[in-house]
Amino acid sequence: MRRYAYLKNPIQCNKKDFIYKIMLYKIKDNEIYLFKYCSKDAVICSFDDYYNDLNDLYDDWNDEIDEKGWIDIEDPLPCCQHDAFLPIRIKGRDTGKPQWGKTEILKDGK
């Protein structure tokens, strides 16, 4: 399950960065990631957190999200980045020869 939300107000996360939107990705009942994005238009996250419990994540963040609330989106395609809003993957990951630092957008299965 993946859901994202925009924050009512940006939250400063360090000396220079602000979080504008977040995405939760639940893989299993006790394996939940929260991805944080430093721009409203960001496609890949800047920071992430790990949660053992979905209710804990909601307790931490529900008061911070805007009036649109949580928006459901599809889970990532195979070999694609979990935090990406587009089907982005590491080049060569599908063949077992990842080229770390190089990405590509999956189109028509290629």
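The values are calculated or read from the model by the stated rules, or taken from the named source; none is laboratory data. Computed from a predicted structure; not experimentally measured. Quick reminder, even Gly has a Cβ in these numbers, built from the backbone with ideal geometry, and neighbours come from all protein chains shown.
Worth pointing out:
- Neighbours by Cβ (under 6 Å, 6+ apart or cross-chain): first from region 9-27, free of Cβ contacts under 8 Å to residues at least 40 places away in the same chain; second exposed (fewer than 12 other Cβ atoms within 10 Å of the Cβ): 18/12; 20/40
- Matching residues in region 28-42 - criterion: being of a type in the set (Lys, Arg) and either touching a residue at least 24 places away in the same chain (Cβ under 8 Å) or on the phi > 0 side of the Ramachandran plot (or both): 40
- The set of residues from region 43-66 being assigned to a loop (DSSP other than H, G, I, E, B) and touching a residue at least 40 places away in the same chain (Cβ under 8 Å) comprises 43, 44, 66.
- Condition met for residue 83 (charged (D, E, K, R), at pLDDT 90 or above, in the same structural domain as residue 23 (by TED's automatic domain parsing) and surrounded by 11 or more Cβ atoms within 10 Å (Cβ to Cβ)): no
- Residue tally, condition of a type outside the set (D, E, K, R), assigned to a strand (DSSP E or B) and farther than 20 Å from residue 103 by Cβ, over region 1-42: 15
- Which listed residue, of 72, 63, 48, is closer than 17 Å to residue 7 by Cα, in contact with a strand residue (DSSP E or B) (Cβ under 8 Å, 6 or more places away or on another chain) and either among the aromatic types (Phe, Trp, Tyr) or exposed (fewer than 12 other Cβ atoms within 10 Å of the Cβ) (or both): 72
- Scanning region 32-65 for residues that are at pLDDT below 95, under 14 Å from the mean Cα position of the chain (by Cα) and of a type in the set (D, E, K, R) returns 40, 41.
- Restricting region 78-108 to residues that are of a type in the set (D, E, K, R) and not in a strand (DSSP E or B), the residue that is farthest from residue 21 (Cα to Cα) is 97.
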